[in-house]
Amino acid sequence: MFIGHFAVGFGAKRFAPRVSLGTLFLAAQFIDLLWPTLLLFGVERVRVVPGITAFTPLDFEHYPWSHSLFMVIVWGLLFGAVYYALRRDTRASVVLAIAVLSHWLLDFLTHRPDLPLWLDGTRVGLGLWNSVPATLAMEVGLFVCGVLLYVRSTRARDAIGRWTLWALVALLGLIYAGNLFSSPPPDVMAIAWVGHAQWLLIAWGYWIDRHRATI
């Protein structure tokens with residue numbers, strides 16, 4: 001799951017209009033931004049196993065601190081609490097906490113049974129990644145809905161607000177297609193460093209939102 005998480009960020013603007021798109025992206029992608037750092041420090045583990053699913057070659061061996069249901073709930077509550085402490089906006093804080101949790105729920109649909117419920121123990125996942133057509137239908141459909149919600153909730157203040165939005169949508173689509181059709185990553189360090197590049201997409205979200213107004 002990749003653009004599906006960004007779809008949540010786009011769509012959440014409808015429910016939290018005063019929150020920047022960058023912050024909404026940050027919430028929706030929070031655990032996938034935490035995970036690469038934990039990989040670099042050896043706290044969590046992943047292997048590249050071509051063919052392990054039809055959609056991705058990654059075998060998520062150990063990632064309870066970023067991706068267990070228990071910790072994702074904790075991260076969501078902390079994210080919402082920090083935002084509330086800064087902005088005193090209850091509605092927005094709840095939306096952001098739900099956006100963090102949504103990441104696990106979407107991963108539950110796509111992952112094979114590798115998502116831990118607790119720090120150790122039972123692992124779950126419905127395995128949509130075992131079917132490329134089903135994965136594409138769900139994730140692309142979700143992305144289109146999220147972008148449409150954002151477009152209908154905002155308007156461009158200027159040309160930057162118009163073109164940076166559609167440039168990001170196109171870039172996310174290209175990254176998604178590249179992940180699908182490219183060769184497997186060479187090693188875990190490459191996965192971790194590419195994962196950190198997502199911070200550029202978060203910054204792009206802040207840039208877009210500064211040039212768009214809510215309707």
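What follows draws every value from the coordinates through simple rules; no lab data is involved. The structure displayed is predicted, hence computed values, not measured ones. Cβ atoms come from the backbone with ideal geometry, glycine included; neighbour counts cover every protein chain shown.
Applying 1/(1 + (r/R0)^6) with r as the Cβ-Cβ distance of Glu61 and Ala197 and R0 = 25 angstrom yields a FRET efficiency of 0.65.
In percent, how large is the relative contact order of the chain, given Cα pairs closer than 8 Å and 6 or more residues apart? Show your work: numbers first, answer last.
Values: 353 pairs, mean separation 67.5, N = 215.
Rounded, it is 31 percent for the chain.
Once the Cβ-Cβ distance between Arg210 and Leu86 is put in as r, and R0 is 22 Å, what FRET efficiency do you end up with, to the nearest 0.05? Efficiency, from the Cβ-Cβ distance: 0.80.
Comparing Ser183, Leu148, Tyr63 along the charge dipole axis of the chain, the residue lying farthest to the positive side is Leu148, per the Cβ-charge model. Going by alpha carbons, how many degrees (0 to 90, nearest 10) lie between the helix axis of 3-12 and the longest principal axis of the chain? Relative to the chain, helix 3-12 is tipped by roughly 30 degrees.
Could you give log10 I(q)/I(0) at q = 0.19 Å⁻¹ for the stretch 119-177, computed by the Debye formula over C-alpha point scatterers of equal weight, without solvent? Results for the stretch 119-177 at q = 0.19 Å⁻¹ read -0.81. How far is helix 69-87 tilted off the main Cα axis of the chain, in degrees rounded to 10, range 0 to 90? For 69-87 against the chain, the angle is about 20 degrees. Distances between every pair of Cα atoms in the stretch 150-210, grouped in 5 Å steps from 0 to the bin holding the largest one, split as 4, 15, 21, 22, 15, 10, 8, 4, 1 percent. Mean projected area of the Cα convex hull of the chain, taken over all directions, amounts to 11.1 nm².
Once you order the gyration tensor axes a ≥ b ≥ c over the Cα atoms, which shape class does the stretch 82-163 get: rounded for a/c under 1.5, otherwise prolate or oblate by comparing a/b with b/c?
Details: a/c = 3.78, a/b = 1.34, b/c = 2.83.
Taking the square roots of the gyration eigenvalues as a ≥ b ≥ c, the stretch 82-163 is oblate.
Under 14 Å from the Cβ of Pro184, count the other residues' Cβ atoms, weight Lys and Arg +1, Asp and Glu -1, and hand me the total.
Numbers: positive: Arg47; negative: Asp59, Asp187.
Net charge in that neighbourhood comes out at -1.
Between the stretch 124-186 and the stretch 13-51, how far is it from one alpha carbon centroid to the other, in angstrom? The distance from the Cα centre of the stretch 124-186 to that of the stretch 13-51 comes to 15 Å.
Of the chymotrypsin sites (Phe, Trp or Tyr not before Pro) in the stretch 20-113, the ones in a loop by DSSP (not H, G, I, E or B) with at most 15 other beta carbons within 10 Å are Phe41.
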